[in-house]
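To start, the structure itself, in structure tokens.
The values are calculated or read from the model by the stated rules, or taken from the named source; none is laboratory data. Source: prediction; values computed, not measured. Cβ sites come from the backbone with ideal geometry, for glycine too, and all protein chains shown count toward neighbours. Surface areas here come from the heavy atoms of the whole protein model, side chains and all, with no ligands, DNA or RNA. Shrake-Rupley method; radii C 1.70, N 1.55, O 1.52, S 1.80 Å.
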Amino acid sequence: MLGIHERKLSMSTTSGRKNAHDYKAHLIWDGNLGDGTSTYTGYGRKYRLQIDGKPDLMGSADPIFRGDANVYNPEDLFVAALSSCHLLSYLALCARTKINVIAYEDDASGTMVMRPDGGGKFESVTLRPIVTIAPGSDPKRALELHETAQDLCFIAASVSIPILHEPQIKVAQDAQATPGAKPTGRSTEPESRA
């Protein structure tokens, strides 16, 4: 058994099954304010997520559930996981198909609906990536690759809610296609996909 201050090591490993990867996390609740969960208002919602070789991630509940607004909550991390997984899938596709992405931002959002019993679920997440590509890259193909990225994203494939997309593609001007330049240029119309 671990002592209270010892850190359990965890890491991403291969499980022995072909094409299977295991991911491990160690979660520690830091919210015992002296009386445990003896009352709903008497305990803290802070926790630490530890993954071997990575900085601790501090979290809490959403402020509407008596959490700390200054740290991440599970709902933040859910939306962020979908957004970042889409980014990584999309960039890999672009690299393989000679679409040169020079900037990418996403204003992702999710809508969670509560039930009367205190439970609830996300009803959808919308990704709004703004992708800037280098001159000579195909903007139409760059837009289409968002659909393929959705299909390849491990996190999106693991959830049952709709993941909507409103991507925009911008083509950088030649003078701004250098690293570190702020991209501007023409953009495509947004497209939605459920």
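Observations on the model:
- Once the stretch 20-54 is narrowed to residues that are among the aromatic types (Phe, Trp, Tyr) and within 22 Å of the chain's Cα centre (by Cα), the residue that is least open to solvent (accessible area, probe 1.4 Å) is TYR47.
- ILE169, sole failed condition from (1) over 21 Å from ASN73 (Cβ atoms); (2) open to solvent by 40 Å² or more (accessible area, probe 1.4 Å); (3) part of a strand (DSSP E or B); (4) modelled with pLDDT of 95 or more: (2)
- The stretch 115-146, residues that are aliphatic (A, V, I, L, M) and under 15 Å from PHE78 (Cβ atoms): VAL125, LEU127
- Annotation note: of VAL101, VAL131, VAL113, VAL125, the sole residue that is at pLDDT below 95 and not small (Gly, Ala, Ser) is VAL113.
- Candidates LEU77, LEU88, LEU93 - the one that is under 12 Å from the mean Cα position of the chain (by Cα) and within 17 Å of ASP151 (Cβ to Cβ): LEU88
- Which listed residue is small (Gly, Ala, Ser), touching a Ser or Thr at 6+ places or on another chain (Cβ under 6 Å), under 27 Å from ASN32 (Cα atoms) and at pLDDT below 95, from GLY44, GLY59, GLY118, GLY67: GLY67
- Within the stretch 52-73, residues that are within 19 Å of MET112 (Cα to Cα) have Cβ atoms under 6 Å from residues that are β-branched (Val, Ile, Thr) and part of a loop (DSSP other than H, G, I, E, B) in these pairs: GLY59/VAL71; SER60/VAL71, counting only partners at least 6 apart in sequence or on another chain.
- Output for the stretch 105-156, where each listed residue is in contact with a Leu (Cβ under 9 Å, 6 or more places away or on another chain), part of a strand (DSSP E or B) and surrounded by fewer than 15 Cβ atoms within 10 Å (Cβ to Cβ): SER109, SER124
- Some residue of the stretch 104-115 being of a type in the set (A, V, I, L, M, F, W, C) and closer than 30 Å to PRO135 by Cα: yes
- Some residue of the stretch 51-61 being closer than 30 Å to VAL171 by Cα, among the hydrophobic types (A, V, I, L, M, F, W, C) and out of contact with any Cys (no Cβ under 9 Å at 6 or more places or on another chain): no
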